[in-house]
1. Please list the non-local residues whose amide H lies under 5 Å from the amide H of Leu88, H modeled 1.01 Å from N, same-chain partners needing a gap of 5 or more.
2. So which GluC sites (Glu not before Pro) in segment 62-124 pass both tests, a DSSP loop state and at most 14 other Cβ atoms within 10 Å of the Cβ?
3. How large is ³J(HN,Hα) for each residue in segment 92-104, as worked out from phi by the Karplus curve 6.51 cos²θ - 1.76 cosθ + 1.60 (θ = phi - 60°), to whole Hz, x for Gly and Pro?
4. 5 Å is the cut-off here: which amide hydrogens, built 1.01 Å from N in the peptide plane, fall below it relative to Val124, excluding neighbours closer than 5 in sequence?
5. Using the Karplus curve 6.51 cos²θ - 1.76 cosθ + 1.60 with θ = phi - 60°, what ³J(HN,Hα) values do you get for each residue of segment 50-60, in whole Hz, with x for Gly and Pro?
6. State the extension gain, in nm to one decimal, for the chain segment bounded by Val79 and Arg92, taking 0.36 nm per residue of separation less the distance between their alpha-carbons.
Amino acid sequence: MRTALAILALIAALPARADRVEPVRVIRPQEIIAPEDVILRAGPPAGGVALDQVIGREARVALYPGRPIRVGDIAVPAVIERNQVVPLAYVRGGLRIETEGRALARAGPGEYVRVMNLSSRATV
């Protein structure tokens, strides 16, 4: 009985092993991650990201081979680039005002972005 408890205590003290996602090459910021860019490696869990959560995402920071990819290292790809001309629309009841603006930062779906109105140079 004591031997079984000692063995269980030793097993519980060992670090957990799991698959972790690592890049196979240097991935630069703002680069879309393709399936051939990443690999699953056995090791201590780090970052807690699954392979399907990484593929198709955009790198927010430089990702290096041998280092696990963490949740904060990736994001949804941006759909608006900095300095891109974007439409601005104000709709209220029957009133609709439209103009063009210039995006002051990159943004993905659902993110807010500051835009400079090209007519008045005001930031919205």
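No value in this document is a laboratory result; all are computed from the given coordinates. For clarity, every value in this text was computed on a predicted model and none was experimentally measured. In this analysis, Cβ positions are derived from the backbone assuming ideal geometry, glycine residues included, and neighbour counts consider all displayed protein chains.
1. Here Thr99, Glu100, Gly101 satisfy the definition.
2. On the way: sites: Glu81, Glu98, Glu100, Glu111; in loops: Glu81, Glu111.
Taking segment 62-124 and a limit of 14 other Cβ atoms within 10 Å, the loop GluC sites (Glu not before Pro) found are Glu81, Glu111.
3. 8, x, x, 8, 9, 10, 10, 7, 10, x, 10, 5, 9
4. Val115, Met116, Asn117
5. Per residue, the Karplus-derived 3J(HN,Hα) values read 8, 4, 5, 7, 8, 5, x, 8, 10, 6, 8 Hz.
6. Working: separation 13, 0.36 × 13 = 4.68 nm, distance 2.57 nm.
The Val79-Arg92 span can extend by a further 2.1 nm.
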